[in-house]
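This report concerns only the one structure given below.
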Amino acid sequence: MTTSFSETLRNATWGDHQSAESEGYLSELMGGRLNEHEYGEMVAQHYFAYVALDGVSRQLADHPVAGRFVFPELYRERALERDLATIYGPAWRDRITPSKSTGTLVARIHQVSDWPGGYIAHHYTRYLGDLSGGQFIRMELQKIYGYAKGGGVDFYIFDELGSLPRFKNEYRARLDALEPDERERQRIIREVKLAYQLNTEVLTELMHVVKAAA
């Protein structure tokens, strides 16, 4: 039986996914060992990354291939603004700056925006994670910081999607419908692995910031 592209993609990046989940910053965060502003550092980096990703999505909405993966209901910029306002107050924009690793990630998102496979690779890496493991992170953060809907963890709330499992199945079906040739398949897989690496480097840098402030 031929392995579907979505399954091939998942299998090819499973080790990278596990590495990202076991990153020290997330372990500290999930263990309740970071204060609210230390959590806010991650939210801030997400903000800069999603301003870039959502911006590219808007540009590609009418693209015949990339446009199949543009879902306005997924856009995270506004949710992240609510979260940052909850964490840092109304002057949150003055409190946040992109880290070096976030700058590298943002640059790569823009760099591959003219290649549908590259856009899909970064979109898949972020959003399928947000819709899967991100839901566990949300529940834990609500316990740790006492957040409710309306700010703090809105980034992880996707009410407009309805059933998350159904949406993820539809997303995977769209990946499978791409049917790229072997060269393109391998190129997309490499970009997904790079996307995982760049996102993990953001968390690594956050851990260094936390340790330096201790």
TODO: Go over the candidates LEU105, LEU34 one by one and state the one that is part of a helix (DSSP H, G or I) and surrounded by 15 or more Cβ atoms within 10 Å (Cβ to Cβ).
DONE: LEU105
- [ ] Might you check whether a residue that is among the small types (Gly, Ala, Ser), part of a helix (DSSP H, G or I) and modelled with pLDDT of 95 or more occurs anywhere in the stretch 78-85?
- [x] yes
- [ ] Please indicate, with yes or no, whether at least one residue in the stretch 10-20 is surrounded by 13 or more Cβ atoms within 10 Å (Cβ to Cβ), in a helix (DSSP H, G or I) and of a type in the set (Val, Ile, Thr).
- [x] no
TODO: Please give the number of the condition ILE96 fails out of (1) surrounded by 14 or more Cβ atoms within 10 Å (Cβ to Cβ); (2) among the β-branched types (Val, Ile, Thr); (3) out of contact with any helix residue (DSSP H, G or I) (no Cβ under 7 Å at 6 or more places or on another chain); (4) outside any helix (DSSP H, G or I).
DONE: (3)
Open item on the list: Any residue that is assigned to a helix (DSSP H, G or I), acidic (Asp, Glu) and modelled with pLDDT under 95 - is there at least one of those in the stretch 180-191?
Closed with: yes
Task: Output for the stretch 22-75, where each listed residue is hydroxyl-bearing (Ser, Thr, Tyr) and modelled with pLDDT of 95 or more - done: TYR39, TYR47, TYR50, SER57, TYR75
Task: Index of the failed condition, HIS208 passing every other in (1) over 20 Å from ASP83 (Cα atoms); (2) at pLDDT 95 or above; (3) part of a helix (DSSP H, G or I); (4) of a type outside the set (A, V, I, L, M) - done: (2)
TODO: Report yes if some residue within the stretch 160-176 is touching a residue at least 40 places away in the same chain (Cβ under 8 Å) and not in a helix (DSSP H, G or I); otherwise report no.
DONE: no
Open item on the list: So in the stretch 59-77, with the set limited to residues that are assigned to a helix (DSSP H, G or I) and more than 14 Å from the chain's Cα centre (by Cα), which one is nearest to ILE157 (Cα to Cα)?
Closed with: GLU73
Task: Top-ranked residue of the stretch 129-156 - restricted to ones that are hydroxyl-bearing (Ser, Thr, Tyr) and within 14 Å of the chain's Cα centre (by Cα), ranked as surrounded by the most Cβ atoms within 10 Å (Cβ to Cβ) - done: TYR156
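The values are calculated or read from the model by the stated rules, or taken from the named source; none is laboratory data. Remember, it's a predicted structure, so these values are computed and weren't measured experimentally. With ideal geometry, Cβ positions are generated from the backbone for all residues, glycine too; neighbour counts draw on all protein chains shown.
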